1. Of 84, 57, 47, which is the most mobile in a GNM of the chain whose springs link Cα atoms less than 10 angstrom apart?
2. Please check: in the Gaussian network model of the chain (C-alpha springs, under 10 Å), which one of 64, 77, 116 has the largest mean-square fluctuation.
3. With point charges of +1 on the Cβ of Lys and Arg and -1 on the Cβ of Asp and Glu, referenced to the Cα centre of the chain, which listed residue (52, 198, 169) lies farthest in the positive direction of the dipole?
4. Residue by residue through the range 40-45, which ³J(HN,Hα) values in whole Hz follow from phi under the Karplus form 6.51 cos²θ - 1.76 cosθ + 1.60 (θ = phi - 60°), with glycine and proline marked x?
5. Give the Kirkwood hydrodynamic radius (Å, one decimal) of the chain, defined as one over the mean of 1/r across all pairs of different Cα atoms.
6. Counting each DSSP H run of 4 or more residues in the chain as -39500 (n - 2.57), what helix-only mean residue ellipticity at 222 nm follows after dividing by all residues, to the nearest 500 deg cm²/dmol?
7. Quick check on the exposure proxy: order 11, 59, 66 from fewest to most C-beta atoms within 10 angstrom.
8. Using only alpha carbon pairs under 8 Å that are at least six residues apart, calculate the relative contact order of the chain and give it in whole percent.
Amino acid sequence: MTSPDALNSNRTLARVASILDAVDGEAVSATELAKRSGLSVSTAHRLALSMVEYGFLRRTESGEFRLGHRFVRNAMEQAALPRLAELQRSTGETAQLWVRRGDERVCLLSVDSDHELKASLPSGSRLPLPAGSSGKLLAEDPEALASIEQHGWVESTGIRTPGLGSVSAPVIVRGRLLASVCLAVPLPRVSESPGHDFGAAVIAAAAQIAADLEQSPNT
């Protein structure tokens, strides 16, 4: 015999699944969620807010619900990996994808340089904001935004880690800053500066990822 707790858990999971099915890549109001899921408006709204807290959904500025970062991250990783691999091949340096999580940035993907001397941080690494070029960019530091306006990239030279430089460019989809593409370079291999040497390639990679994500219903 199934216990009451198990029945309640199954019922909750079924309701969560029905809300995810109701969203299905669109921005949906609480009223529409209720209509599509068969739940009452109050129940759909309450569950949707709880799902926002855990990253399964997110709220738009108009108060509608979309799939959250747990799903967007997967779409972003799929879009970004081939672009980062191409960036690494064309420059010979370590290419990374960073996202903001609270007061930290998280490395979602890293394609390491083949050089013996290289910058290397594994996927899942966390660093405080606003350290580094990606940190400044994701923190929307005023100097970083000014550099984006002028150059399209943000650079850092030996500030977070002596002997290491980086240049980052934003991944912007539908007006939202979703991530940062970063190329990390040992300073002995830099001619002028990380930005002037590699900025154009990093901008191109970020723009390609953004273009791919524009086609995804989950972003």
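1. 47
2. Checking each option, the largest mean-square fluctuation is seen for 116.
3. Value computed over the given set: 52.
4. Those phi angles translate into 5, 4, 5, 5, 4, 5 Hz.
5. On the way: mean 1/r = 0.0533 Å⁻¹.
This gives a value of 18.8 Å.
6. Details: 7 runs with 101 residues, N = 219.
Dividing the helical sum by the residues of the chain leaves -15000 deg cm²/dmol.
7. Values: 11 10, 59 14, 66 19.
Listed from fewest to most nearby Cβ atoms, that is 11, 59, 66.
8. Working: 405 pairs, mean separation 34.7, N = 219.
Taking the mean separation of contacting Cα pairs over the length of the chain, I get 16 percent.
Where a number appears in this text, it was derived from the coordinates with a stated rule and is not lab data. All values reported here derive from a predicted model rather than from experimental measurement. All Cβ positions, even for glycine, are placed from backbone atoms using ideal geometry, and neighbour counts span all protein chains on display.
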